Structures are given as structure tokens and as C-alpha cells.
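Below: the structure, in C-alpha cells.
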Amino acid sequence: MSRSRYQAALMVAALVGVTSLRAQNAAAAPDLSDPEVAHVAVTANSIDIDMAKFALTRTHNAAVKQFAQTMITDHSAVNAQAAALAQKLGVTPADNAVSQSLLSGAKQARASLEPLRGAAFDRAYLDREVAYHQAVLDAIDKVLVPTTENAELRKLLTDVRPAIATHLEHARQLRGQLGSPSRTSK
């Protein structure tokens, strides 16, 4: 598998894992094995794909639709790459507390978005995307890189950080374009 594909898989793992990691007790940062990281990556991608598909059913905003479609396309490709990498390495993804926490957080996020429609949905969806990507950056810096023993994996996590920062800025930019909710739209 190419280096860029491996980096993409790691980026997804970081994106998913960060939200979960931030929600967990900061004093007890998890030390994940390679099979656990693989499971986190697949879980994270699946969560992002599902949330973006949901967004496509709710938004009428062309920019939000484009953002959501990009998330589906990118994360689907990364899931395929992550699966191929796991197979190549002979690694069976292992369920873990981070993956379970990610799924729980995704369920809560979806429940909070369910009742929203229109611009209120768009703002809430993008608020979530901003927080999610910031959490991923924090996880890379404070949890994933420091706990990774494999030098190649650590380098890939470091190399993928700029792409995550770009996703964060895109989400922030879109969110800024939507403005604040009006007082009557609560």
C-alpha cells in the first residue's frame, strides 16, 4: 500500500479517535495497539460517512452538500485503503474503548441533530465538524503521536496533521458563511 493511502487511514483514525479521546478522562489517555488503531480508523470513517449521508438528507445548502459529499467520498476511500492495509499487514482490527466511545458519541451527535432542519441543521452540523476536527488535532498532538511506538506510524500521524487542519479550516469557513441563528429560529 502506498504511503499516501496509509496516511489517509491514519488521518481517519485520528479524526474519529480525537472526539472520543477528548470525551474521556484526560488523565487516562489510552495506549492503543496497532489492531486497536485499525479498528478506530474503520469506526471513525464509518461514523463520518454515516453523518455525512445524514447531512445530505437534511441540508438544502449547496456548500454543505458539497462538504458532506466530500466527507463520504474521502472516508469511503480511506476505509477501503485501511482494509487493504490491515489485510496486507495481517492485522485484525480489535474493538476497544475508544471505538466504543466514538460510536456512543456519534449516536449522541446524531440524536442532537435529528430534530433540526434547514439553516439550524446546517449550523449544528458544521459546529460538530469544527469541534470534531479540532479534537482530532488535539488527539494527534497529545495522545496518538506521544503513545505511538512505531516510528513510521508516528511520522505518518505527524505528516497527516496538515490535512486535518485543512478540513478544520474548511468547516470553519463554511460555518462562518452561515452566520448566527436569528433570535426567532430557536
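The values are calculated or read from the model by the stated rules, or taken from the named source; none is laboratory data. What you see is a predicted model; the values in this text were computed from it and never measured. Here Cβ is always computed from backbone atoms with ideal geometry, including for glycine, and neighbour counts include all displayed protein chains.
Per-structure values
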{"item": "Residue match in the range 16-31 (condition: surrounded by 14 or more Cβ atoms within 10 Å (Cβ to Cβ), in contact with a Gly (Cβ under 7 Å, 6 or more places away or on another chain) and at pLDDT 75 or above)", "result": "no"}
{"item": "Failed criterion for ARG175 (all others in (1) under 16 Å from ALA52 (Cβ atoms); (2) out of contact with any Ser or Thr (no Cβ under 8 Å at 6 or more places or on another chain); (3) at pLDDT below 75 hold)", "result": "(3)"}
{"item": "Selected residue (only one of ALA77, ALA55 is part of a helix (DSSP H, G or I), at pLDDT 85 or above, within 21 Å of GLU129 (Cα to Cα) and of a type outside the set (Lys, Arg))", "result": "ALA55"}
{"item": "Qualifying residue in the range 129-137 (condition: closer than 17 Å to ALA63 by Cβ and modelled with pLDDT under 80)", "result": "yes"}
